[in-house]
1. I'd like the residue in the range 37-53 that is within 9 Å of ligand 1 (Cβ to nearest atom) and among the β-branched types (Val, Ile, Thr) and, out of all such residues, is nearest to Pro63 (Cα to Cα).
2. Sort out which residues of the range 63-87 are hydrophobic (A, V, I, L, M, F, W, C) and not in a loop (DSSP other than H, G, I, E, B), and write them in order of number.
3. Residue by residue through the range 195-209, note down the ones that are within 16 Å of ligand 1 (Cβ to nearest atom) and in a strand (DSSP E or B).
4. What are the pairs with Cβ atoms under 8 angstrom where one residue, in the range 48-67, is buried (at least 19 other Cβ atoms within 10 Å of the Cβ) and the other, located anywhere, is part of a helix (DSSP H, G or I)? Sequence gap at least six, or different chains.
5. Could you check the range 159-181 and list, in sequence order, the residues that are touching a Phe, Trp or Tyr at 6+ places or on another chain (Cβ under 9 Å) and either farther than 14 Å from Ala40 by Cβ or free of Cβ contacts under 8 Å to residues at least 60 places away in the same chain (or both)?
6. Does Gly90 meet the test of being over 28 Å from Asn107 (Cβ atoms) and not polar (S, T, N, Q)?
7. I'm checking my understanding of the structure. Among residues of the range 68-87 that are crowded, with 21+ Cβ neighbours inside 10 Å and of a type outside the set (Val, Ile, Thr), which one is farthest from ligand 2 (Cβ to nearest atom)?
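We did not get these values from a lab; they are worked out from the coordinates using the rules stated. Since the structure is predicted, the reported quantities are computational estimates derived from the model, not experimental observations. Note that each Cβ is placed from the backbone with ideal geometry, even for glycine, and that neighbours are counted across all protein chains shown.
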Amino acid sequence: MIEKVQPAGPLVRVEGLSKSFGSHEVLKGIDLEVMPGEVATIIGASGSGKSTLLRCMNLLEVPDAGHVWFHGQDLASSRVNVNRLREKIGMCFQGFNLFNNRDVLDNCTLAPVTLKKMGREQAEELALSRLGEVGMEEFAHARPATLSGGQKQRVAIARALCMQPDLMLFDEPTSALDPEIVGEVLAVMRQLAQGGMTMVVVTHEMSFARNVSDRVVFMDQGVIAEQGSPEKIFGSPEQPRTREFLSRYLERPSA
Ligand SMILES: Nc1ncnc2c1ncn2[C@@H]1O[C@H](COP(=O)(O)OP(=O)(O)O)[C@@H](O)[C@H]1O
Ligand SMILES: [Mg+2]
């Protein structure tokens, strides 16, 4: 059997992706490409399928149909070592998902030591350097419970970076944070973007979508209704539903 291999090009390519939960078709044939170094933001109303799409991109959800190519390999192919590939995809969630019974440094070294069999000393060196990049080095021996939400999210980002991922997925990383703390997390994400990381970011932070991303993807009821440059999506959206979503969103005082 000949295995389909993608030519060099996008780091991620989603093709014809569908996913239902029971009779509810949540993703209806999604096509999406993310180039190396690109920052794509996904916007859209609650329930439009953004998280499910992100979760399908690293097989936290198994798609019903379609493909997710990563580095030219189809994640759905039984020949692919999904765990190996997934190590190259970092993910940050709204809820941080830190291990509360371990200190910050241990949170960061756990995966490199257990999954990558990295020596502890090297893992700690790497972790301290990543924690430095997010401004959390001095909290290396703190417990997550003693940190603010913004600090926890920055640790979660550093932890993901310790696996040296090629792709970072963010699912509403600032939605659980107090408004005055959102900025410190967005600043870290912006810095990561400027450093060339390939990122897919589900967000309601329209200023981030507009100013940091290369491409904005608007999802509506399980389809990509429209995508394009921030200038196009925010400046002259073609679809009435994009316009409607944005006008509702941008009207909100604290959005
Ligand atoms: N594990 C699940 N089981 C059943 N329904 C789900 C599950 N995950 C998501 N859904 C449903 O799929 C729809 C899209 O969800 P989601 O991808 O989380 O949307 P978004 O992130 O855009 O808010 C919602 O109606 C949600 O209730
Ligand atoms: Mg969601």
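1. Filtering the range 37-53 for residues that are within 9 Å of ligand 1 (Cβ to nearest atom) and among the β-branched types (Val, Ile, Thr), the one nearest to Pro63 (Cα to Cα) comes out as Thr52.
2. Of everything in the range 63-87, those that are hydrophobic (A, V, I, L, M, F, W, C) and not in a loop (DSSP other than H, G, I, E, B) turn out to be Ala65, Val68, Trp69, Phe70, Val82, Leu85.
3. Passing the criteria: Val200, Val201, Val202.
4. Partner pairs satisfying both residue conditions: Asn58/Arg86; Pro63/Cys56.
5. Asp166, Glu172, Pro173, Thr174, Ala176 - these are the residues of the range 159-181 that are touching a Phe, Trp or Tyr at 6+ places or on another chain (Cβ under 9 Å) and either farther than 14 Å from Ala40 by Cβ or free of Cβ contacts under 8 Å to residues at least 60 places away in the same chain (or both).
6. Considered against the rule, which asks whether it is over 28 Å from Asn107 (Cβ atoms) and not polar (S, T, N, Q), Gly90 comes out as no.
7. Checking each candidate, the answer is Trp69.
So that you can scan it fast, the table gives a plain yes or no per residue for (1) more than 23 Å from Cys56 (Cβ to Cβ); (2) away from ligand 2 (no atom under 16 Å from the Cβ); (3) assigned to a loop (DSSP other than H, G, I, E, B):
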{"position": "Ala145", "(1), (2), (3)": "yes, yes, no"}
{"position": "Ala160", "(1), (2), (3)": "no, yes, no"}
{"position": "Met168", "(1), (2), (3)": "no, yes, no"}
{"position": "Leu177", "(1), (2), (3)": "yes, no, yes"}
{"position": "Ala193", "(1), (2), (3)": "no, yes, no"}
